[in-house]
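Since every read-out is calculated from the coordinates, none of them should be taken as a lab result. The structure presented is a predicted model; accordingly, all values stated were derived computationally and were not measured. Because the Cβ atoms are built from the backbone with ideal geometry, glycine has one as well, and the counts that use them run over all protein chains shown.
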Amino acid sequence: MSDVVIQTNAITKTYESGSNSVHALRGIDLTVHRGEFIAVMGQSGSGKSTLMNVLGCLDTPTSGNYLIDDVHVETLNKNELAAIRNEKIGFVFQGFNLLARTSALENVELPLLYDRSGRKRDSRAMAIAALERVGLADRVNHQPSELSGGQQQRVAIARALVTEPALILADEPTGNLDSRTSIEVMSLFQALNEQGITVLLVTHEPDVAIYAKRIVEFRDGRIRRDEPVKNRRNAAEDLANAEVLDDDIMAPVIAPAATVAVAGGVA
Ligand SMILES: Nc1ncnc2c1ncn2[C@@H]1O[C@H](COP(=O)(O)OP(=O)(O)OP(=O)(O)O)[C@@H](O)[C@H]1O
Ligand SMILES: [Mg+2]
């Protein structure tokens, strides 16, 4: 297993619509090493989702080629593409994309039911383990409508994780979440990344990108900036600090004055 999870060479993507062509990607050379955590940024229409769809084998480039986990993707037929998508890549979307009226457990189990690798496994136990990993052991039988936005996104992350992918691709996963819930989701991505999963995450928010290790910024279908995150933040710590602040606000209501003073001293 090489250290490189993704290597793209001069990838372009041109959409032809009627008489005009849209050059969504104009030559992308990107190398992603195992264990990286990349925030993909850039203005609307700059090609971020197009690249994610190509990397995720949901779309093919117009020219150029790329490797995922040492596999030359352009050599694969339709069935092989479906297999690599299922085995190596986990997707997380802005809108969660969970099946309605279907339990968290069944949503997470789904990719295993589509697995054609023939590996025998206990899909139910694996789905439960994935839900435990995202902190939702007590919500396995809830349907999406019975979960908060942050919980729904965590179910979607469990669904992305359940096949034990080499790579998670997340396209604006915090786009529908409030800022605190966004930090919770980012703390989960940081924890998974610590466990060795490579993460590529599209975001418009500098406050979200600050939790990644590297920022790749797009402009007009090209990479215009690629650098390590300066002053990277730890989402779990930020949450804990926010908790202290919340406690300060709540303290006069719920605690005697002496306790409040101690809590203030700690903060
Ligand atoms: N299926 C398509 N057919 C034609 N043009 C497309 C298609 N998909 C995307 N485009 C065009 O390609 C360009 C890049 O789109 P893309 O969705 O990759 O942008 P993005 O960076 O993800 O933007 P956003 O931040 O708004 O999500 C845009 O100009 C868009 O209009
Ligand atoms: Mg997009």
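Length available on full extension from residue 63 to residue 191: 0.36 nm per residue minus the Cα-Cα distance, which gives 42.5 nm. Pairs of lysine in segment 4-233 with Cα under 24 Å and at least 8 positions apart or on different chains: total? The result is 12.
Shape class for segment 54-149, computed from the alpha carbon gyration tensor (a ≥ b ≥ c): prolate, with a/c not under 1.5 and a/b above b/c.
In the calculated pair-distance distribution of the chain, the portion above 26 angstrom amounts to 47 percent of the Cα-Cα pairs. Rounded to the nearest 20, the size of the Cβ-charge dipole of the chain about its Cα centre is 620 debye, with Lys and Arg at +1 and Asp and Glu at -1. Quick one: Cα centre-to-centre distance for segment 223-246 and segment 1-70, in angstrom? So the separation of the two Cα centres works out to 26 Å.
Rounded is the label for segment 1-100, because the ratio a/c of its alpha-carbon gyration tensor axes (a ≥ b ≥ c) stays below 1.5. Would you mind checking the tilt of helix 78-88 against the longest principal axis of the Cα atoms of the chain, expressed as 0 to 90 degrees and rounded to 10? The answer is roughly 30 degrees. Given R0 = 41 Å, the distance between the Cβ atoms of residue 76 and residue 232 translates into a calculated FRET efficiency of 0.70. Listing 122, 69, 29 from fewest to most neighbouring C-beta atoms within 10 Å gives 122, 29, 69.
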